[in-house]
């Protein structure tokens, strides 16, 4: 009797857990100034990753002190219990969110204090809005390899994988994911129909207007740093 095929559930669960850790890491980086401010305000005894993560769980996720203590119980693969200093600081954070009326603008916008005057000079009254936009996760943009597929064919291939996209405004060979997710294990990516590349980088051919005989090199971080034959934009 043939043995049943192994379930893909553990792999999916592992991928979801990894994605969750990545999202939290980026969120902490984007809000580090406010998190550090709360550690100072509550006189938290630590400034390391443990303190930052516990503050993030409380201020961003809305966990209570009781819930955090249940997580920090010293069990297998779990952090050691909170000490009195940590417990006192977290109790002061309980019920609050990241923003606080006492935070100066540079803390609220999660930038270094020394650079705030330069940003104000560069952007004027709009500096807060411009810097706040940096905290927004960017969309996932794709460039279609026109040597292997049209934009419509690539979009249809992604749709078959459950990945919904929309055409980009400026990059004619570009697609933008409607929600952030990983595509690198999908067939469309593995077959080379699409690459991950932002709209600005994907628009260069339209602006430079290379001839059909030209070859060019895109200078960009991997995986986009790859030689692609140019086609007329």
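Which pairs turn up if I take residues in the stretch 61-77 that are under 20 Å from residue 27 (Cα atoms) and look for partners that are not in a loop (DSSP other than H, G, I, E, B) with beta carbon separation below 7 Å, at least 6 apart in sequence or on another chain? These pairs meet every condition: 63/57; 68/54; 68/57; 68/58; 68/90. Listed by position, the helices (runs of 4 or more DSSP H) contained in the stretch 104-178 that have at least 1 residues being surrounded by 13 or more Cβ atoms within 10 Å (Cβ to Cβ), within 23 Å of the chain's Cα centre (by Cα) and touching a residue at least 12 places away in the same chain (Cβ under 8 Å) are 105-108, 127-132, 151-160. Of all residues in the stretch 29-50, exactly one satisfies the criterion of being assigned to a helix (DSSP H, G or I) and within 12 Å of residue 85 (Cα to Cα), namely 39.
Output yes when any residue across the stretch 138-146 is closer than 28 Å to residue 38 by Cβ and out of contact with any helix residue (DSSP H, G or I) (no Cβ under 7 Å at 6 or more places or on another chain), and no when none is. Yes, some residue in the stretch 138-146 is closer than 28 Å to residue 38 by Cβ and out of contact with any helix residue (DSSP H, G or I) (no Cβ under 7 Å at 6 or more places or on another chain).
Under the condition of being surrounded by fewer than 14 Cβ atoms within 10 Å (Cβ to Cβ) and modelled with pLDDT of 95 or more, the residues counted in the stretch 75-84 number 4.
The values are calculated or read from the model by the stated rules, or taken from the named source; none is laboratory data. Bear in mind that the values here come from a model prediction, so they are computed numbers and not experimental data. A quick note on method: Cβ atoms are made from the backbone with ideal geometry, for glycine too, and the neighbour counts reach across all protein chains shown.
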